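Asker: Before I ask anything, let me first share the structure, which is written out below as structure tokens.
The values are calculated or read from the model by the stated rules, or taken from the named source; none is laboratory data. Computed from a prediction, not measured in an experiment: that's the story for all the values here. Using ideal geometry, Cβ is built from the backbone for each residue, glycine included, and neighbour counts are taken over all protein chains shown. Side chains included, ligands, DNA and RNA excluded: accessible areas come from the protein's heavy atoms. Shrake-Rupley method; radii C 1.70, N 1.55, O 1.52, S 1.80 Å.
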Amino acid sequence: MDLIQENQKLSINIQKDDKLVEIVCTINKVLDDRLILELPPYFMRYIEFLDSGETVMAKVFSKMGTIDFNAVIIKSPLEDEFEIELDYNALKFNLDEEFPVIKVLRNLKITYNEESFIAKTLEISPSNIKFYSDKIFNVDDNLKCELILPEDYGTISFKGTVTEVDTEYNNEYTMSVYNLNEQDRETLLYYMYVYTNNSDQE
């Protein structure tokens, strides 16, 4: 399961002189370095904007928000297929208004008072993490954390402040996340996106 998939909607935005043109396409095929798109029936009115070599702004619509990137048109619609460049390093997440949350068990390495130990996450989001630990924490405790994701994703480093101690279930805590850099944030969102989509198919 990848971040961008066949049959997703993709909006192409092209700025030329004083005109901003938006064309809503469907992704037909995802290749390593390009996307093959199906254009809507009305595209011919905008054919002058779709020459090979033109730069476009692309927006892919996903369950968690949009994925934005700049791309170059590789093949114009007047050729066999309409293709645009795909550079995974250039993708940027723009979240919906609310941060997504997933329920998932992952190892969470916590360092507190110069002691390190492993806890288990219960819920993950870019803003808050709920976790279980045999250690006792109090509200406002500051923790240094490493969220250990599957090998393909690596480890996400951040700091957290305990905001809630569950009064019903012992040793369950919620912490707010801060000092999460942009690259780690996007990696975390990508993992959450893939996990959510894989879970939907089970």
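Asker: Among (1) farther than 30 Å from SER127 by Cα; (2) under 26 Å from the mean Cα position of the chain (by Cα); (3) buried (at least 17 other Cβ atoms within 10 Å of the Cβ), which single condition is LEU50 missing?
Answerer: That leaves (2) as the condition not met.
Asker: Taking the options SER127, SER76, name whichever one is at pLDDT 90 or above and not β-branched (Val, Ile, Thr).
Answerer: Unique residue meeting the criteria: SER76.
Asker: Which residue is nearest to TYR178 (Cα to Cα), if the candidates are limited to segment 124-141 and must be in a strand (DSSP E or B) and open to solvent by 50 Å² or more (accessible area, probe 1.4 Å)?
Answerer: Residue satisfying both the conditions and the ranking: ASN128.
Asker: So which of PHE43, PHE61 ends up being surrounded by 14 or more Cβ atoms within 10 Å (Cβ to Cβ), in contact with a strand residue (DSSP E or B) (Cβ under 9 Å, 6 or more places away or on another chain) and more than 15 Å from LEU86 (Cβ to Cβ)?
Answerer: PHE43
Asker: Being among the basic types (Lys, Arg) and under 30 Å from LEU91 (Cβ atoms) is the requirement here; does LYS159 meet it?
Answerer: Spelling it out, LYS159 is indeed among the basic types (Lys, Arg) and under 30 Å from LEU91 (Cβ atoms).
Asker: Would you point out which residue out of THR187, THR121 is of a type in the set (Ser, Thr, Tyr), open to solvent by less than 60 Å² (accessible area, probe 1.4 Å), within 30 Å of ASN89 (Cα to Cα) and part of a strand (DSSP E or B)?
Answerer: The unique qualifying residue is THR121.
Condition check ((1) surrounded by 14 or more Cβ atoms within 10 Å (Cβ to Cβ); (2) touching a residue at least 40 places away in the same chain (Cβ under 8 Å); (3) touching a Ser or Thr at 6+ places or on another chain (Cβ under 6 Å); (4) charged (D, E, K, R)) across all residues:
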{"position": "ASN113", "(1), (2), (3), (4)": "no, no, no, no"}
{"position": "LEU143", "(1), (2), (3), (4)": "yes, no, no, no"}
{"position": "TYR173", "(1), (2), (3), (4)": "yes, yes, no, no"}
{"position": "ASN179", "(1), (2), (3), (4)": "no, no, no, no"}
{"position": "TYR191", "(1), (2), (3), (4)": "yes, yes, no, no"}
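Asker: On the given criteria, is LYS75 touching a Ser or Thr at 6+ places or on another chain (Cβ under 7 Å) and over 26 Å from TYR190 (Cβ atoms)?
Answerer: Values: touching a Ser or Thr at 6+ places or on another chain (Cβ under 7 Å): yes; over 26 Å from TYR190 (Cβ atoms): yes.
Considered against the rule, which asks whether it is touching a Ser or Thr at 6+ places or on another chain (Cβ under 7 Å) and over 26 Å from TYR190 (Cβ atoms), LYS75 comes out as yes.
Asker: Would you mind finding the one in LYS144, LYS103 that is farther than 22 Å from VAL24 by Cβ and modelled with pLDDT of 95 or more? Reasoning before the result, please.
Answerer: Numbers: LYS103 fails: modelled with pLDDT of 95 or more.
Criteria check complete, one pass: LYS144.
Asker: Here's a follow-up. Please count how many residues of segment 145-159 are under 16 Å from LEU180 (Cβ atoms) and open to solvent by 30 Å² or more (accessible area, probe 1.4 Å).
Answerer: 6
Asker: Of the conditions (1) over 27 Å from LYS59 (Cα atoms); (2) in contact (Cβ under 8 Å) with a residue 12 or more places away in the chain; (3) open to solvent by 40 Å² or more (accessible area, probe 1.4 Å); (4) of a type outside the set (Lys, Arg), GLU81 clears all except one; give me its number.
Answerer: It is condition (1) that GLU81 fails.
Asker: Determine, yes or no, whether ASP200 is among the acidic types (Asp, Glu), within 17 Å of VAL101 (Cβ to Cβ), at pLDDT below 85 and within 21 Å of the chain's Cα centre (by Cα).
Answerer: Values: among the acidic types (Asp, Glu): yes; within 17 Å of VAL101 (Cβ to Cβ): yes; at pLDDT below 85: yes; within 21 Å of the chain's Cα centre (by Cα): yes.
When the stated conditions are applied, ASP200 passes them.
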